[in-house]
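Worksheet: one structure, shown below.
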Amino acid sequence: MTVYMNELKQIARNIRIDIIKSIAEAGSGHTGGSLGLTDIFTALYFKILHHKPSEPQWDDRDRLILSIGHVAPVLYATLAHAGYFPVQELQTLRKLGSRLQGHPGRDHGLPGIELSAGSLGQGLSVAVGMALTAKMDKKNWRVYSIHGDGEMQEGSIWEAAMSAAHYKLDNLIAIIDRNGVQIDGKTKDVMDMDPLQDKWESFGWRVLNCNGHDFEEIQQAFTQAQATQSKPTVIIARTIMGKGVRQIEGDYHWHGKAPSKEEADNFIQEILKAS
Amino acid sequence: MMHFENRGNKATRLGFGEGVLEAARRDSRVVGIGADITGSVSMDLFAKAFPERFFSLGIAEQNCMGVATGLALSGKVPVFSTYGVFAALRTTDQIRISVCYNNVHVVIGGAHAGISVGPDGATHQALEDIAIMRVLPNMTVLSPCDATQTIIAVQRAIGNMKGPVYIRFGREPVPEFTHEHQEFQIGKGQQLKDGNDISILATGHMVWEALQAAYQLQQEGIHARVINIHTIKPIDEEIILQAAHETKAIITVEEHQIMGGFGSAVAEVIVKNHPVPMDFVGINDSFGESGKPDELMKLYGLTRETIMTKTQSLFYKKETFI
Ligand SMILES: [Mg+2]
């Protein structure tokens, strides 16, 4: 599937609308981070990843590990738009019997879910394990893992970071959603993690930066990351929580808040007008 | 019924290492993870034989558990062993979410279990691991009784299972008494001695002590049945209920906290189906301390003498319950 850059914006717009609809219908869920990561997910699933929506278990697929399970709505909406399952199913989010669990759960059978996750700080270790398998078996598939900036406060992230560099896992690309906020407020007030770039570099990683809402920059970062040899790469993607809906952009109160049906309509109108 | 004899002492951790090595020879998907104490938990046999399949990850147990999950999700069969206190307790969240919720085939070795670790003291004596591991959905919990049985158990855990397995073993050499061609099935207890007066259900290293207690009680006229429960989860309800029906009193024996452990698992089966009087031999809600293994076992009542005393008193008391 060849997708041109100018089409990505339209896809991202549709994914944002479905994120808002599905969370509003659920009555709970993480709106801010899901909207903030939409452009990166769109780039990944429509441009970067080697994958087959019709064959989710394809052996040679790239693996996408979502360590921050709470932004499941962006994963689900992107998978649906990529063709893994019908878009209408997004309306079952967080409901009894749904394959779309509040945090991803593989045992509920949704195609495209690589990992059940939701307790922060675990996904990078799993990504390291998968990358080791690919190296051992001399496979070309890569592992991409998605992390929050607040998640950098978990000690296990740094255990995993150390091990990825130790085993020179250049088939592993981590992405940090650097929106500068977490539930309690700004990351620099809750627990400052700067200088973040220096930390990762000192742990033996290549560090790339990009604007997480600019498809050219996102694409460029991934191209560079894929060309990196003998060390893992982390992309620190500057993002805006709630991106696309001006009245909630950058507002950490929207980390884990769902819009009412009325708010959702307004948000969607705004997204439609902007495009 | 056969009389079990000690063929010589051997540590169950060696059984673990030998079992992993044998399983790895048969299946190239088996990979190993080390957290700095590779030799101590007998994973060095595997690491030397298959260096390209062994990953040293340093003193970072949380990461080890996640890496094991990633290896399993991509088709490997990872074995990660460290001291039980770290394997089961330091990484409980990683085991719960990454390993158990994903229901991946990761084999976790809980080494140096129990108070018999000795002089290292309370920090290194895993006395809570059974309770914590058995409460996790999808987890299988194994607790073999000697090195021979550990070799078999770990090979089954690696070769015949699909989900997560926790296998518990100890540091000190203990009597070797089970047969290398024994009938061993995960989830099935083994009746080692007949008897209809009372049943002693034991797990791990305490099985030998339970047998010795029963042999001595036999001479005093109490015919105790002895059952080895090497699989704590899923537990063999059938053999437990048969013991409850036929002997009408049950003692459980474990080198672990009484609360929430093996005895509790047996009690859950008993109270729901066929209540009979029970008593428990184990650690009574306390930490251990430094000392020689045999001194500690004696001080904390993990001996054949304690088993005999509790068995006698429950045997005489059971009449009043009926
Ligand atoms: Mg954040």
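The values are calculated or read from the model by the stated rules, or taken from the named source; none is laboratory data. Because the structure is predicted, anything quoted here is derived from the model rather than measured. Every residue, glycine as well, gets a Cβ built from its backbone with ideal geometry; the counts of neighbours run over all protein chains shown. What goes into the accessible areas is simple: the full protein's heavy atoms, side chains included, and nothing from ligands, DNA or RNA. Shrake-Rupley method; radii C 1.70, N 1.55, O 1.52, S 1.80 Å.
Rounded to the nearest 0.05, what FRET efficiency do A:ILE183 and B:GLU180 give with R0 = 45 Å and r taken as the Cβ-Cβ distance? Could you check?
0.20
Of the DSSP beta bridges with both residues in the protein assembly as shown, give the percent that are antiparallel, rounding to the nearest 5.
Antiparallel bridges make up about 15 percent of those DSSP assigns within the protein assembly as shown.
Starting from the Cα of B:LYS272, step 7 Å along the direction of its Cβ; do the same at B:LEU299; then give the gap between the two resulting points in nm.
3.8
Dividing the Cα convex hull volume of region B:190-321 by residue count, how many Å³ per residue is that?
99
Across peptide B:201-207, what mean number of C-beta atoms from other chains lies inside 10 Å of a residue's C-beta?
Across the residues of B:201-207, the mean count of other-chain Cβ atoms within 10 Å is 0.
Of all the C-alpha pairs in chain A, what % are more than 32 Å from each other?
Taking all Cα-Cα pairs of chain A, the fraction more than 32 Å apart is 17 percent.
Which of these, B:ASP36, B:ASP236, B:ASP44, has the largest mean-square fluctuation under a Gaussian network model of chain B (Cα springs below 10 Å)?
Of B:ASP36, B:ASP236, B:ASP44, the Gaussian network model singles out B:ASP36 as fluctuating most.
Determine which residues of region A:61-82 fall in the zone a paramagnetic label at A:ASP137 would reach in this model, i.e. backbone nitrogen under 20 Å from the point 7 Å along Cα→Cβ.
Within reach of a label on A:ASP137: A:61-66.
At a 1.4 Å probe radius, carbon and sulfur cover how many percent of the accessible area of the protein assembly as shown?
Of the solvent-accessible surface of the protein assembly as shown, carbon and sulfur hold 49 percent.
Please report the base-10 log of the normalised intensity I(q)/I(0) for chain B, using a Debye sum with one equal scatterer per alpha carbon and no solvent, at each q in 0.08, 0.10, 0.13, 0.15 (1/Å).
-0.33, -0.52, -0.87, -1.15
How long are the semi-axes of the equivalent ellipsoid of the protein assembly as shown, defined as square roots of 5 times the Cα gyration tensor eigenvalues? Whole Å, largest first.
Over the Cα atoms of the protein assembly as shown, the semi-axes work out to 52, 25, 20 Å.
For A:THR228 and B:PHE321, what is the calculated FRET efficiency with R₀ set at 51 Å and r taken between the beta-carbons, to the nearest 0.05?
0.10
If you take each beta carbon of peptide A:160-170 and count the beta carbons of other chains within 10 angstrom, what is the mean?
3
For a quick protection proxy, order the peptides B:267-276, B:23-32 by their average other-Cβ count within 10 Å, most packed first.
Result, highest mean Cβ count within 10 Å first: B:23-32, B:267-276.
Once Lys and Arg get +1 and Asp and Glu get -1 on their Cβ, which of A:VAL3, A:ILE20, B:PHE315 lies farthest toward the positive end of the dipole of the protein assembly as shown?
A:VAL3
At a probe of 1.4 Å, how much accessible area disappears from chains A and B on forming the pair, both sides counted, to the nearest 100 Å²?
2100
Per residue, how much accessible area does chain B show when a 1.4 Å probe rolls over the protein heavy atoms, in square angstrom?
Computed with neighbouring chains in place, this is 37 Å² per residue.
Tell me, what are the semi-axes, in whole angstrom and largest first, of the equivalent ellipsoid of region A:112-222 as set by the roots of 5 times the Cα gyration tensor eigenvalues?
The three semi-axes for region A:112-222 are 23, 16, 15 Å.
Keeping every protein chain present and rolling a 1.4 Å probe, give me the accessible area per residue for chain A in Å².
That works out to 40 Å² per residue.
Once you charge only the Cβ atoms, +1 for Lys and Arg and -1 for Asp and Glu, what is the size of the charge dipole of region B:190-321 about its Cα centre, to the nearest 20 debye?
In total the dipole reaches around 160 debye.
Would you compute, from DSSP H runs of 4+ residues alone, the mean residue ellipticity of chain A at 222 nm, taking -39500 (n - 2.57) per run and dividing by the full residue count, rounded to the nearest 500?
Value at 222 nm, helices only: -12000 deg cm²/dmol.
Based only on Cα atoms, what Rg/Rh ratio does region B:9-175 have, Rh being taken as Kirkwood's radius?
With Rh from the inverse mean 1/r over Cα pairs, Rg/Rh is 0.92.
How large is the dipole of region B:9-175 about the Cα centre if only Lys and Arg carry +1 and Asp and Glu carry -1, each at its Cβ, rounded to the nearest 20 debye?
440
Using the crude model of +1 on Lys and Arg Cβ and -1 on Asp and Glu Cβ, and no other charge, please compute the dipole size for the protein assembly as shown relative to its Cα centre, in debye to 20.
For the protein assembly as shown, the charge dipole is close to 1180 debye.
Compute the FRET efficiency between B:MET259 and B:ALA122 as 1/(1 + (r/R0)^6), taking r as their Cβ-Cβ distance and R0 = 25 Å, and round to the nearest 0.05.
The pair B:MET259/B:ALA122 has a calculated efficiency of 0.95.
In nm, give the distance between the simple-model label positions of A:TRP58 and A:GLN247, each being 7 Å from the Cα along the Cα-to-Cβ direction.
In this crude label model, A:TRP58 to A:GLN247 measures out at 4.2 nm.
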